[in-house]
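Notes follow the structure.
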Amino acid sequence: MSKSQEILDKQKKYLWPNHLLYYTDALPLEKGEGMHVWDVDGNKYLDFFAGILTTSVGHNHPDVTAAAQEQVSKLIHSSTLYPHENHVNLAEKLAEITPGALQSSYFTTSGSEADDTAVMLAKTYTGSQEIVALRHGYSGRSATGMSLTGQSAWRVGGTHISGIKHALNPYCYRCPLKMTYPECGVACAEDVEEVIQTTTSGRIAAFIAEPIQGVGGFITPPPEYFQIVSEIVKRYGGLMIIDEVQTGFGRTGDKWFGIEHWGIEPDIMTMAKGIANGFPLGNTITTPEIAASTSGAGLTISTFGGNPVSLAASLATIGVMEKEASPAHTAEVGAHLRAGLDGLQDKYPLIGDVRGKGLMQGVEMVTDRKTKEPAVKAVAQLFEETRKLGLLIGKGGMYGNSLRIAPPLTASKEDVDEAIEKLDIAFARVQEASIDN
Ligand code: PMP
């Protein structure tokens with residue numbers, strides 16, 4: 001029996017069946033280095049999903065590994081009860097690279113926890129309870145996270161937390177108002193006001209959104225969207241919580257954080273995934289004024305929050321980004337990736353839309369460009385073909401028909417060329433099969 005079969009058999013026997021696994025025969029990985037991972041049977045893959053946008057400077061980057069190893073040999077755990085040098089140094093670094101007046105951090109272990117913490121903070125500061133989130137958004141797997149999430153499939157066990165309302169999302173390719181940008185005047189943004197006026201008490205704690213909806217399928221808003229929404233949210237007393245779990249750390253090119261493209265300064269920002277190259281770490285950063293509201297507001301603790309090893313890894317990860325994978329680098333390589341994907345769209349009718357920024361590029365697949373019927377079967381076939389060709393990509397979108405292309409930020413133009421070449425071959429095969437069908 002192959003090693004992979006042995007693992008898959010045990011997976012079936014000992015793990016919950018609701019683990020979402022890619023590929024008809026799931027892919028057990030064994031090792032990674034830079035842009036590549038290897039499966040347990042020795043097959044090599046070019047990784048253009050980066051462990052869900054997490055291995056931001058490539059697998060097992062030597063600087064990150066060395067920093068983590070050094071910390072492991074000194075102190076593995078401290079909890080948030082004791083200040084730690086890495087804790088304050090990373091908080092200082094994040095204050096430096098985040099936009100506006102963001103300065104004060106609370107470290108946790110995941111994106112879900114970071115979003116939960118943001119909601120807790122907004123409620124504490126404003127004294128209001130209601131939150132407006134976006135349809136198609138994703139905020140995590142905690143009760144609050146699932147309730148904030150705007151997709152039914154990700155709400156296992158039903159909706160949980162009351163007081164969360166969902167506004168229309170700025171999904172231009174499938175405009176919820178059936179309008180066209182720019183003639184629409186970004187009408188979807190006005191829906192936030194309608195939602196506040198009709199479904200809340202009129203005094204909200206916050207609006208939460210991702211600068212580009214990640215799990216939603218890299219849905220990219222028109223440039224004016226966040227400015228219009230921010231003005232509305234302020235009028236109703238709410239804070240702007242910006243979830244940078246996927247878009248943070250240069251992923252979108254040119255800027256450290258995705259929201260910087262959209263011209264507003266968040267009151268609270270959440271981050272995780274790429275922050276520590278795969279080590280578990282989440283953070284919720286806010287302004288000193290908003291952070292001050294937590295003083296005397298009750299007790300909170302995170303046993304694993306601010307784990308010194310994850311923090312050491314994060315400091316090293318940001319150090320590598322500054323040297324080898326700056327926002328300027330991701331903008332340049334991202335533009336190259338986008339040009340390659342646009343070229344594929346010209347060739348293959350299966351590609352309905354290409355969108356995103358930097359090294360966060362989405363490809364929405366449709367059976368017919370006019371009806372925009374989601375090409376779910378073709379996506380599954382494309383996954384099998386790309387796997388055979390040694391390329392890993394991601395998928396998402398409420399209809400499961402959007403590819404998520406997001407390599408480590410250290411990717412070079414040559415890596416992109418290789419990925420586009422493999423995608424070209426895979427699309428040719430799938431397009432031909434779908435014509436035959
Ligand atoms: N927010 C966003 C935007 C995410 O993409 C995710 C994870 N996909 C989360 C929050 C939750 O993060 P985690 O899985 O680390 O809890």
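The values are calculated or read from the model by the stated rules, or taken from the named source; none is laboratory data. Since we're looking at a predicted model, the values are computed, not measured. A quick note on method: Cβ atoms are made from the backbone with ideal geometry, for glycine too, and the neighbour counts reach across all protein chains shown. Accessible surface is based on the protein model in full, side chains and every heavy atom, while ligands, DNA and RNA are left aside. Shrake-Rupley method; radii C 1.70, N 1.55, O 1.52, S 1.80 Å.
The table that follows gives values for the structure above.
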| quantity | calculated |
| --- | --- |
| Structure-based [θ]222 nm, the chain - -39500 (n - 2.57) summed over DSSP H runs of at least 4, per residue, nearest 500 | -12000 deg cm²/dmol |
| Positive-end residue of P288, G278, N86, charge dipole of region 64-324 with Cβ unit charges | G278 |
| Potential extension, K12-E96 segment - 0.36 nm per residue separation minus Cα distance | 25.6 nm |
| Proximal charge balance of K255 [Cβ under 12 Å; K/R count +1, D/E count -1] | -1 |
| Estimated dipole of region 64-324 in Debye, rounded to 20 [Cβ of Lys and Arg +1, of Asp and Glu -1, Cα centre] | 620 debye |
| Value in Å of the Kirkwood radius, where region 64-324 supplies the Cα pairs that are averaged | 18.6 Å |
| The chain - Debye-derived log10 I(q)/I(0), Cα point model, q = 0.07, 0.08, 0.13 Å⁻¹ | -0.33, -0.44, -1.21 |
| Paramagnetic reach from W154 in region 232-254 [backbone N under 15 Å; point 7 Å along Cα→Cβ] | 242-248 |
| Gain on full stretching of the segment that runs from K44 to H19 - 0.36 nm per residue minus C-alpha separation | 6.7 nm |
| Bridge type composition, the chain - antiparallel percent by DSSP, nearest 5 | 65 percent |
| Span from the region 241-280 Cα centroid across to the region 1-61 one, whole angstrom | 26 Å |
| Cα-Cα P(r), region 163-260, percent of pairs per 10 Å interval | 16, 46, 34, 4 |
| Listed pairs K93/K255; K31/K413; K273/K357; K388/K422 exceeding 20 Å between Cα atoms | K31/K413 |
| Residue-level accessible surface for R235, protein heavy atoms, 1.4 Å, Å² | 130 Å² |
